[in-house]
Amino acid sequence: MRTYPVFMNITLSIDEQIAQRAREKASAMGKSLNQVVRDYLQHLAGDDELERDLAYLDRFSGLGDASGWKFNRDELHERR
């Protein structure tokens, strides 16, 4: 069985000047105003994937052991 997302159209009442400034800022971010609003609502509603990813990072962060190894930029860029 396959499921498909169903998108809902929402009508908002927004001052024309605010909408224009918001479109300009969205464009500067490489997004449409629609995408910015969608992203915000997804964040507001709670993105389960984001919460799960953050919990994973929290659970496993700091568990590595470098055994005293220090970062050496020259070694990192050394050509062999």
Looking at the range 21-33, I want the residues that are within 21 Å of ILE10 (Cα to Cα) and have a partner that is not in a helix (DSSP H, G or I) with Cβ atoms under 9 Å, at least 6 apart or on another chain. Which pairs are those?
ALA22/ILE14; ARG23/SER32; ALA26/SER32
Selection within the range 25-53 - more than 15 Å from the chain's Cα centre (by Cα) and surrounded by 10 or more Cβ atoms within 10 Å (Cβ to Cβ)
LYS25, SER27, SER32, LEU33, ASN34
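Rule-based calculations on the coordinates, nothing more; no lab input. Just so it is clear, the model here is predicted, and its values are computed rather than measured. Methodologically, a virtual Cβ is constructed for each residue, glycine included, from the backbone with ideal geometry; neighbour enumeration extends over all protein chains shown.
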